[in-house]
1. Calculate, for Ser607 and Arg365, the FRET efficiency according to 1/(1 + (r/R0)^6) with r their C-beta to C-beta distance and R0 45 Å; round to the nearest 0.05.
2. Which residue, chosen from Gly295, Gln311, Pro327, occupies the Cα position most advanced towards the positive end of the dipole of segment 290-349, where the dipole is computed from +1 (Lys, Arg) and -1 (Asp, Glu) charges on Cβ about the Cα centre?
3. If DNA, RNA and ligands are ignored and the probe is 1.4 Å, what is the ranking of Phe457, Phe26, Phe391 by accessible area, most exposed first?
4. Between the helical axis of 491-503 and the dominant principal axis of the chain, each derived from Cα atoms, what acute angle in degrees is found, rounded to the nearest 10?
5. Hey, what angle do you get for helix 389-399 against the long axis of the chain, alpha-carbon based, 0 to 90 degrees rounded to 10?
6. Determine how large the accessible area of Glu591 is when every protein chain is in place; take a 1.4 Å probe and give Å² rounded to the nearest 10.
7. Excluding Ile277 itself, what net charge comes from residues whose Cβ is under 12 Å from its Cβ, given Lys and Arg +1 and Asp and Glu -1?
8. Post the alpha-carbon centroid distance, segment 405-467 to segment 69-140, in whole angstrom.
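The values are calculated or read from the model by the stated rules, or taken from the named source; none is laboratory data. Since we're looking at a predicted model, the values are computed, not measured. Because the Cβ atoms are built from the backbone with ideal geometry, glycine has one as well, and the counts that use them run over all protein chains shown. Side chains are part of the model used for accessible areas, which takes the heavy atoms of the whole protein and leaves out ligands, DNA and RNA. Shrake-Rupley method; radii C 1.70, N 1.55, O 1.52, S 1.80 Å.
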Amino acid sequence: MVRKRVTIRNHTAEANLFARRALITFIGVIALLMVLLSNVYQLEINAYQQYKTRSNENRIKLMPVAPNRGLIYDRNGVLLAENVPVFSLSLIPEQVEDMEYTLTELAKLIDISDEQLEKFRESIRSNRRFKPVELISRLDEVDVAKLSVNQHLFPGVIVDARLKRYYPFADLTTHSLGYVARINRKDLTNLELEGKGENYKATRDIGKLGLEKFYEDQLHGTIGHQEVEVNNQGRILRTLNYTPPVPGNDLHLTLDIELQMIAKRALDGKRGAVVAIDPRDGGVLALYSNPSYDGNLFVHGISSKDYKKLQNRNRPLINRATKGTYPPASTIKPFLGLLGLDANLIHTGSKIWDPGFYQLKNGTRKYRDHLRWGHGWVTLDEAIMRSCNTFFYDLAYKLGIDRISDTMAKFGFGESSGLDIHEESQAILPSRGWKRARYNQPWYHGDTVNIGIGQGFWTVTPLQLAQATSILVNKGLVKEPHLLAATQLSAPNVTAAAEILLEDDQDLEGNSEQAQLLIPFEVNEKPPIELANPEHWDTILKSMRDTVQKPIGTGYNAFLNTDYDAAGKSGTGEIVGLGEDVKYDASKIAEDRRDNAMFIAFAPYKSPEIVVAVAIENVATGGGGSNAGPVARQIMDQYFSNRKLITETKQ
């Protein structure tokens, strides 16, 4: 058997192979080290600023701080909307050793509902343990006192205070001021679309109705910020910098809270509205709708039980002053009389015979007068004083609907008045086009006849009626009604505003940094109504004065023995039409189908300072003069009280 030869190892070749492999490995290590050093250089040198910024962002947070909302005052400086501290109860879970025991002991001190407990437990699961979780959002003073005395027994339990909107006059101002409530998803969407979302990062509430909504931008203010250092869990370690928020501006209104009180008292137990305007500048002195409701209920979130109470047949949620629509009834007669004079269809001495009804030529229907046996021969002045329907049936027929609708639109009927709240109805000023669009029917002469006494399709709001009367007493001057009198800038805004004024070479008294700068409201005037003969204004206004000054006038009893020289016109609006020979008997008619009482008034006669419009729904007995007239009287009595007013000699 042949044996294999043993191969002798080549040590030199193996040494060379090892050397080559070691060199390759060394080169690889050097290459990887160069890559590592290159990355370190990139991170530490080239990208240093970028990663430093990102590091600070992880360490430093910018937290928003909500501004205080601006206050609202009436014309005499009475506070109508303020911010008051509200106390809430919160717990910090990580500081509470036994949560259930703590909750049980707290329930022995204060009332805690099952709903609040359930909501609290859900919040604990979704929040970090070192952050406070709210248990009760609103504590009364007694609860705060109890918790303060026993604070040492409850580690991790804190009582927080924050500012919340409060309306001290409750239901007196709700329909004019509106209210604020918690921001919802729709509000946030609108804020983002308007580019205002950033300014509301820390804000909980927003204006929902009335002035609070209309002047939201002025009342809200500007957000502030605080820079805080946090750890990797988001816990705040310290505050590094603080930029205070800019409070909202304060609003001073034309509204008189005392007139509001009188309006509420006068309308007690009635459904209706009162609007009072200063015709000299369009400032709204009173705007009250009855029944009303307390806006404070919505500030903290109204319960379903409380909201259900507001949804009753009296409809307190509706602002009757601006959204309630009523037939103007005979309050419209002075306006039609003015139009008839200007169109030369009648003159001051014009007379018609009133047998107690009006009948169109070739017509069979009799349009009745409120006085069944008629007024006999009546002039324009007597027709306004005694509210003769027959006179205005005839006048409306002569004028025609086209001339009536065109002219009445100039007085503001059928359109928004421009008042600085969003909740307003245009009501209905009928015309041929309106009826065709609404009912697809032609306009008939009988429709025009009904318009002559403020009935038929015609509806107005009390605000429209007050505004039209203001135009009448101003003899054609049109000044838009407004609730805002002046805006008081918050302190941080005063300096900037002062610089603007100084650039415009306007003087600013006092130190610009300490001054409370008031920016007056700019009254918007529309083109005036011009008559062919301006004396016709005086003719109509005198007839309105006679209506409350002479015994035959429908407003005489309401304004008997006043200390001021007043004028006005009553109206009784029919809700349902009656047959020619049917006598109206309120006791036999459902309450919601009874007549409405209307009244317009102004004083003093020579230089009017106040115009009042009153609407009362479904009166049991009487008409506008006996129901709405006394309400207007009470408003004016309050306005002229404690004043030394020189009245004109009554004739």
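1. Details: r = 45 Å, r/R0 = 1.00.
With R0 = 45 Å, the Cβ-Cβ based efficiency is 0.50.
2. My answer, from the dipole projection, is Gln311.
3. Details: Phe457 55, Phe26 125, Phe391 5 Å².
From most accessible down to least: Phe26, Phe457, Phe391.
4. Compared with the principal axis, the helix lies near 70 degrees.
5. Taking the Cα atoms of the chain, the angle to 389-399 is about 70 degrees.
6. Estimated to the nearest 10 Å², Glu591 gives 80 Å².
7. Details: positive: Arg280, Lys479; negative: Asp256, Asp278, Asp281, Glu480, Glu609.
So the environment of Ile277 carries a net charge of -3.
8. 51
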